């Protein structure tokens, strides 16, 4: 299929990466894929990508410790409990780490004024399904339980992530709503993986040559252990029923992305069930476009839109919690 639908700068970027052999991880083993991913991490990212102060922490969970990174809210006064965004990085459950998410987390801190906590969940194939899902939900519970020492407000927690990280954010929000009883104010999902079946219309339309190939996505699902068998059905069931009291959803999709249809279908199902939703499809861009800040203004626009949704959610929760204020949530989507 022709790549004419892609913005010219992005199409040229993909052609250059293909010529350098840095486009697909599908032919590689996990370790070589991680090296390739690290090598290509900055390609397409603006040279002036911001980086704000941060500190590394240990998220101590039952039976394992996870790395985390805290980006403190700018200008927060000593003792002030700030809103917080719990971020889960992408990488198909196999690749990437806290460093790869530094640019997005820095932008979210700058644009929201909130604290951001990035979670270094376990990766496959060393830790296959459901390790990353378990880590996502347990890390959110840990942040809520340790809010005072982290300097964040347990009543103003949002979750966010890109690609596989968006899947984990959605699962953390689902668990918070239906199991943990944690009041998440918003979930920001950049092109999540909702199903392991790889059979949607966008999978067929953008199967090869658009940045994330179908074969590459199958490689990720295989290493996570959910490509077939009972595990695939279990994976698909995790996000099969988005319903209240699920936190509101802000979903960002990309026109030229194999994951487009399943993400937008998830949003439609949530909206039909009564969950508050907003959704934006960015045209002419592929999966992962929010990392391409040096190639398209749509990356900054998508991040700015997400930050705006987060600020509004935090403000609404703070106003609703103010002494003497009585409100009711309207049934709008």
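What follows draws every value from the coordinates through simple rules; no lab data is involved. Note that this is a predicted model, so its numbers are computed, not measured. Backbone-built Cβ (ideal geometry, glycine too); neighbour counts: all protein chains shown.
Looking at region 266-301, which of the residues that are in contact with a strand residue (DSSP E or B) (Cβ under 7 Å, 6 or more places away or on another chain) and assigned to a helix (DSSP H, G or I) is surrounded by the most Cβ atoms within 10 Å (Cβ to Cβ)?
Filtering region 266-301 for residues in contact with a strand residue (DSSP E or B) (Cβ under 7 Å, 6 or more places away or on another chain) gives 267, 270-271, 275, 277-287, 289-290, 296, 298.
Imposing the further condition that a residue be assigned to a helix (DSSP H, G or I) reduces the set to 267, 270-271, 289-290, 298.
Numbers: 267: 23, 270: 25, 271: 16, 289: 28, 290: 26, 298: 21.
The residue in question is 289.
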For this session: Please tell me if residue 50 is part of a loop (DSSP other than H, G, I, E, B) and free of Cβ contacts under 8 Å to residues at least 40 places away in the same chain.
Result: no
For this session: Output the number of the condition that residue 210 fails; it satisfies all remaining conditions of (1) crowded, with 18+ Cβ neighbours inside 10 Å; (2) touching a helix residue (DSSP H, G or I) at 6+ places or on another chain (Cβ under 7 Å).
Result: (2)
For this session: Mind counting the residues in region 122-145 that are under 17 Å from residue 31 (Cα atoms) and either out of contact with any helix residue (DSSP H, G or I) (no Cβ under 9 Å at 6 or more places or on another chain) or crowded, with 22+ Cβ neighbours inside 10 Å (or both)?
Result: 2
Problem set entry | Condition broken by residue 320, with the remaining ones in (1) in contact with a helix residue (DSSP H, G or I) (Cβ under 8 Å, 6 or more places away or on another chain); (2) closer than 17 Å to residue 158 by Cα; (3) without any contact (Cβ under 8 Å) to a residue 40 or more places away in the chain satisfied | (1)
